[in-house]
1. Among Gly399, Gly105, Gly385, determine the one that fluctuates most according to a GNM of the chain built with springs between C-alpha atoms less than 10 Å apart.
2. Can you pull the three principal axis extents for the Cα set of region 160-234, in Å, largest first?
3. Rank Phe241, Phe120 by accessible area, highest first, at a 1.4 Å probe radius?
4. Taking a cut-off of 32 Å, what percent of all Cα-Cα pairs in the chain are separated by more than that?
5. Which listed residue (Asn56, Leu173, Pro267) has the Cα farthest towards the positive end of the charge dipole for the chain, taking +1 on Lys and Arg C-beta and -1 on Asp and Glu C-beta about the Cα centre?
6. Scan around Ala291 for amide H atoms under 5 Å from its own, H built in the peptide plane at 1.01 Å from N, and keep only partners 5 or more places away or cross-chain.
7. Could you please report the charge total around Ala219, scoring K, R as +1 and D, E as -1 over all other residues with beta-carbon less than 14 angstrom from its beta-carbon?
8. With bins 10 Å wide starting at 0, give me the P(r) of region 224-342 over every alpha carbon pair, in whole percents.
Amino acid sequence: MYAWLGMGLLATLVGTCPARAANSNTLSGEERRIVAAAAAENDRSIELLEKLVNINSGTMNFAGVERVGRIMMAELAPLGFQVEWRPMSAVGRAGLVLATHHAGGHGKRVLLIGHLDTVFEPDSPFQRYERRGNIAEGPGVNDMKDGLAIMVGALRALHATGALERADVTIVLAGDEEDAGSPESQARADLVAAARQADVALEFEALATKNGHDMGTIARRSDIGWTLRTTAQSGHSSGVFSAEAGFGANYELTRIIDAFRRELREPNATYNVGLLIGGASAAINADGVSASASGKTNVIAAQGIAKGDLRTLSNAQTERMVARMRAIVADHLPGTNATLEFDEGYPAMAPTAGNRALLARLNEINAALGLEPMGELDPMERGAGDISFVADKLDCLVGFGAVGQGSHAPGETVELPSFDRQIKRTALLIERLSKTPRDSGFRADAVAGG
Ligand SMILES: [Zn+2]
């Protein structure tokens, strides 16, 4: 009997101590209420998805991007968020939504990241939302208006149960993720400023899967563009290779590109050459994605151009590879010269211990929900994203949107059943993070009283 009494007392103690609930593979009473509230939000979130998808918000359709932004603001304000539309004409884009919910708590401050725009402009034939059973099709249905609808569903569930009152949450919804304004550093300044006031960032891009299993994204590769230009004195081709005439711009161009291929290879790094041209004259056209050149077989080429990308797993790897690329470029063939320029591009989100521990916290929630643990997605299988601009400042996890296929092309679809588990996971993770002391790491025993 006493034993039972002891057990009862212990349960009450543990029940009231946030440590256990914030860190275990089981749900507390409050968490069961959050899960029920999240389930009740499912249908509404899917209706919100349809509403958002049926508003065109191609990046360059500023009015459409703002309309989607204002719908999100109207969803968040009643939950206690201070909401703001920030025009971005200074960088040639529509604007972004900044929403803040200050609880003045001591828990982790959470930054939620998403975007309002899609790759489908008003002239795209792909404009409407269409549901076929558990599958919905439409522009941005999986990139990433699903993530916006899931974010709202999770926050509404937390609000309905009172759990949101304890949570410090900031939301940044860019209006130009698909085609960033320029300069990028200015276009992403609000996101970086918000990250300085946060401890954890969650990005609501699609949930990745592997062989039907949900995967956690703890790393994203960088993506920066480069332009290589070679020049050389022109002349009659009969003198090519001589000390007087030199090798010409085309040999210098191909020397460098081939050296990149042979000498630069590293794990997790890729560098594609998307455009290459050379001749007596060579130039990139105004659209930036095509080029024109002229040249005669008996004239040594004077100009060469190549454009490509560089994707790495960490900013340190980027620095190292940029230095090696520059060294290769500097080793000119006789009579030639070359320059290599890099765009700002997207930095890397490296697979840090903090990101990995954040996934471990999510897997505790998966266990509590009776879901299987999520493995780590191979970063080679995922492109760059906005979270990378803040990945060096806080712990990050990507993939709070839904499961889907075919993003960035007509026929893009989403699996609606994945909404249910994503709304629940998101709500519980924000709730548990709000109970995790700000200065603690993510180790289980670091939680207050744990
Ligand atoms: Zn996206």
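The values are calculated or read from the model by the stated rules, or taken from the named source; none is laboratory data. Everything quoted here is computed from the prediction, not taken from an experiment. Reconstructed Cβ throughout: ideal geometry from the backbone, glycine too, with neighbour counts over all protein chains shown. Remember, those area values only see protein heavy atoms, side chains included, never the ligands or the DNA or RNA. Shrake-Rupley method; radii C 1.70, N 1.55, O 1.52, S 1.80 Å.
1. Gly105
2. Largest to smallest, the principal-axis extents are 75, 37, 21 Å.
3. Values: Phe241 110, Phe120 10 Å².
Output order, biggest surface exposure first: Phe241, Phe120.
4. On the way: 45578 of 101025 pairs.
Summing the P(r) tail past 32 Å for the chain gives 45 percent.
5. Working it through, the farthest residue towards the positive pole turns out to be Pro267.
6. Close amide H contacts, sequence-distant or interchain: Asn285.
7. Values: positive: Arg220, Arg221, Arg311, Arg356, Arg382; negative: Glu203, Glu205, Asp223, Glu376, Asp378, Glu381, Asp392, Asp395.
Overall, the nearby charge balance is -3.
8. Computed distribution, short to long bins: 14, 43, 30, 11, 2.
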